[in-house]
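Below is one structure, written out as structure tokens; the observations come after it.
The values are calculated or read from the model by the stated rules, or taken from the named source; none is laboratory data. Being a predicted model, the structure only gives us computed values, none of them experimental. No Cβ is skipped: glycine too gets one built from the backbone with ideal geometry, and neighbour counts run over all protein chains shown. The area values use the complete protein model at the heavy-atom level, side chains included, leaving out ligands, DNA and RNA. Shrake-Rupley method; radii C 1.70, N 1.55, O 1.52, S 1.80 Å.
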Amino acid sequence: MFISLWEFFYGHFFRFWMKWLLRQMTGKCELQRIFDTYVGAQRTHRIENSLTYSKNKVLQKATLVVQSEVDRCVVDIMKEKNINPEKDASFKICMKACLLQISGYKQLYLDVESVRKKPYDSDNLQHEKLLLKLWNLLMPTKKLKARISKQWADIGFQGDDPKTDFRGMGILGLINLVYFSENYTSEAHQILLRSNHPKLGYSYAIVGINLTEMAYSLLKSEALKFHLYNFVPGIPTMEHFHQFYCYLVYEFDKFWFEEKPESIMYFNVYREKFHEKIKGLLLDCNVSLTLKI
């Protein structure tokens, strides 16, 4: 109750007068002061909040701008805030960089969601080729005897036909698995081997798909903003999402063996514990979760 009242009064009264006072004292608007004071994710995050909570419609709409309209949007903001480009030459550059990150994050979510919604289709030749590519990457010395086969269990699928395991994350789950196996092949082989541990083993592919869901949910909840704003100076893309997924796969395997679960039956407990650990790391405004090998 108290927090809600404070947010109301701050948003409607205190913030306006505080901004007015600081502008009189510094001769600069809030956006300029942010650029003078902060860098990295802190800068973009504060700019995003300033635009979002502004009473000015032009500034509010700036957070929804598409990448092709960023340049025009920056000019409009400068006009609204009476910013002279000759006196503040860096403003245009800084604002463009922030808007590209803000709009890029929104577009990345739409791109990831679009791929996630595509179900695995066994009649789609590209999907089938991708699935066989995963097998060949993980099992280069072992030939797959048939498309429908119990061999799929060797890389951690539940049934004879992996397509049923992709229902939750669609083709995105397979793309992530292939990306990690292709770009970090030796690490993928090592983790696959560890996943067959007699006591601490787990289903490699199933856990990989589960971690795709974790990466997706963190992106959707905007928990990845600090990470991506720090990690990507420009526009975040699917490549950066895949890189974050690889980080999760590598770190989860380490976490699992450090925790030494009593049994695979406790997977959801430890999965949630790992999830909370990652969410905690992502709260740091200086965070950049990259795979370091």
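Annotations
- Checked against the criteria, residue 92 does not count as part of a loop (DSSP other than H, G, I, E, B), basic (Lys, Arg) and open to solvent by 40 Å² or more (accessible area, probe 1.4 Å).
Residue-wise test of (1) without any contact (Cβ under 8 Å) to a residue 24 or more places away in the chain; (2) farther than 30 Å from residue 36 by Cβ.
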{"residue": "80", "(1), (2)": "no, no"}
{"residue": "91", "(1), (2)": "no, no"}
{"residue": "96", "(1), (2)": "no, no"}
{"residue": "120", "(1), (2)": "no, yes"}
{"residue": "131", "(1), (2)": "no, yes"}
{"residue": "142", "(1), (2)": "yes, yes"}
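- Residues of the range 114-159 that turn out to be of a type in the set (Gly, Ala, Ser), open to solvent by less than 30 Å² (accessible area, probe 1.4 Å) and at negative phi, as a count: 2
- Total residues in the range 164-186, condition out of contact with any helix residue (DSSP H, G or I) (no Cβ under 8 Å at 6 or more places or on another chain) and either open to solvent by less than 20 Å² (accessible area, probe 1.4 Å) or touching a residue at least 24 places away in the same chain (Cβ under 8 Å) (or both): 1
- Helices (runs of 4 or more DSSP H) fully within the range 200-284 counting 2 or more residues that are free of Cβ contacts under 8 Å to residues at least 24 places away in the same chain: 238-259, 267-282
- Test for residue 262: is it in the same structural domain as residue 177 (by the TED database), surrounded by fewer than 19 Cβ atoms within 10 Å (Cβ to Cβ), under 30 Å from residue 49 (Cβ atoms) and among the charged types (D, E, K, R): no
- Matching residues, the range 59-88, being of a type in the set (A, V, I, L, M) and open to solvent by less than 50 Å² (accessible area, probe 1.4 Å): 59, 62, 65, 70, 74, 77, 78, 83
- Top-ranked residue in the range 104-113 [being of a type outside the set (A, V, I, L, M), within 12 Å of residue 228 (Cα to Cα) and open to solvent by less than 40 Å² (accessible area, probe 1.4 Å); ranked as farthest from the chain's Cα centre (by Cα)]: 104
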